[in-house]
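> Have a look at this one.
Each reported figure results from applying straightforward, stated rules to the coordinates on display, with no laboratory input. Keep in mind it's a predicted model, so treat the numbers as computed, not measured. Ideal geometry is used to build each Cβ from the backbone, glycine not excepted, and the neighbour counts take in all protein chains shown.
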Amino acid sequence: MKDSSIQWTDHTFNPWIGCTRVSPGCQNCYAEGGYGRRFGIEWGPGKPRRRTTADYWKQALAWDRQAARKGVIPRVFCGSLCDWLDPDVPPEWRRDLLELIGRTPNLGWMLLSKRPQLWRRLVGQAAKSGGAFAARWLAGEAPHNAWAGTTVEDQRRAEGRIPRLLEIPAARRFLSCEPLLGPIAPDLGGVDLVIGGGESGKRARPLDIRWARDLRDRCRDAGVAFFMKQCGSNPVESGRPLEMKDDHGGDPDEWPEDLRVREMPGAFRTPARVKTAKGQ
C-alpha cells in the first residue's frame, strides 16, 4: 500500500499547497523551491494557498476502504507541501481536513506542524465553522487515528515547540528533527517517536553524525522510538565529509552501522471494530 517516497509513512496527503517560512529549518524548503515554482504558488504571509482537488481528497477515502479490507492501519503524513496549522488557510479548509480524518478511521494520520502553539486557536476556528471533529478534539477528545507532531531542527525550536506540542490531546506525539541543524537535547517526556535526518539538496547544511548519534542515544535512554530517515546531502564525521552515492544520504547501507535504526512505536490505537464511514 505504500505510495510515498518518505520512508516513515505509507501515504502523503496535502490538503493544500503553500506556506510561510518560520524558522531556520525552512531556509532551503524543497516544497517552495520545487513545487511552488511548478504550480506558480508564492510562499509567504498573506499569500493565497491552493487547495488540492476534490478528486485528490477522495484518494484518502479509497486508502481507508483498502485498509479496512486488509485489516491494516497505514500511516498518512500531512503534509509535505504545507502546514496544517497555517494561519493563512481559511478555517473551512482545516474543518474539511479534520472531518476527512474523522471519516477515515482506518488510516493513521501523522499531523506535522512548525506551529503547535496555534493548535487551540485554529482548531477552535474550525469548530466554529461547523466542524464536529474539531469540536470534539478541542474538548479534549484525542482522536484515536491521529498523531500530533512538530519540527525540531535545533535547541531553540526544541525548547519553544515541544511544550506546546504536549498541550495537544493526542494518541501519540512525534518530533521531526529534520533538517537536524545542530546538537539538541529535547525533553522527550510525552513523546513517542523522534525522526532524525540531514538536509538534502545542493545547498544542504552539514549534518554532523555526532548530533544524530546523540539523539539516538537520548531516545534509547528515554524509551522513545528513533527513526533515522537520511544523512542528507552533506554528512560529516570527525570534521570530514562522508561520501555517499545516494544524493539524499537515504541508503542505510551507506551509513555508519550504528545509525541504521528505524523504529516505530506501537500501532495507532483503534476501536475494537472499525468500519468505513457510510457513503464512502
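> Can you tell me the orientation of helix 119-128 relative to the chain, as the angle in degrees between its alpha-carbon axis and the longest Cα principal axis, to the nearest 10?
20 degrees
> Could I ask something else about it? Nearest 10 degrees is fine. How inclined is helix 91-103 to the longest principal axis of the chain, computing both from alpha carbons?
With rounding to tens, the tilt is 90 degrees.
> Among the aspartates and glutamates, which fall within straight-line cross-link reach of K128, defined as a Cα-Cα distance under 14 Å, with same-chain neighbours fewer than 8 residues apart omitted?
E92, D96, E99
> Which residues does the label zone of Q7 cover in segment 165-186, counting backbone N under 16 Å from a point 7 Å along Cα→Cβ?
Taking a point 7 Å out along Cα→Cβ of Q7, the residues of segment 165-186 whose backbone N falls under 16 Å are 176-180.
> Please compute the length gained on full extension between E167 and Y56, using 0.36 nm multiplied by the number of residues separating them and subtracting their Cα-Cα distance.
Full extension from E167 to Y56 adds 36.8 nm.
> Tell me the relative contact order for the chain as a rounded percent, counting alpha carbon contacts under 8 Å between residues six or more apart.
Relative contact order for the chain comes out at 15 percent.
> While we're here: For E243 and V22, what is the calculated FRET efficiency with R₀ set at 30 Å and r taken between the beta-carbons, to the nearest 0.05?
0.35
> Treating the angle as unsigned and between 0 and 90°, give the value, to the nearest 10°, between the Cα long axis of helix 155-165 and the longest Cα principal axis of the chain.
Orientation of helix 155-165: about 20 degrees from the principal axis.
> Once each part is reduced to its C-alpha centroid, what is the distance from segment 115-129 to segment 22-99 in angstrom?
Answer, in whole Å: 17.
> Still on this structure, please answer the following. Among G198, A225, N145, whose Cα projects farthest towards the positive end of the dipole of the chain, with charges put on the beta-carbon of Lys, Arg (+1) and Asp, Glu (-1)?
After comparing all options, I get N145.
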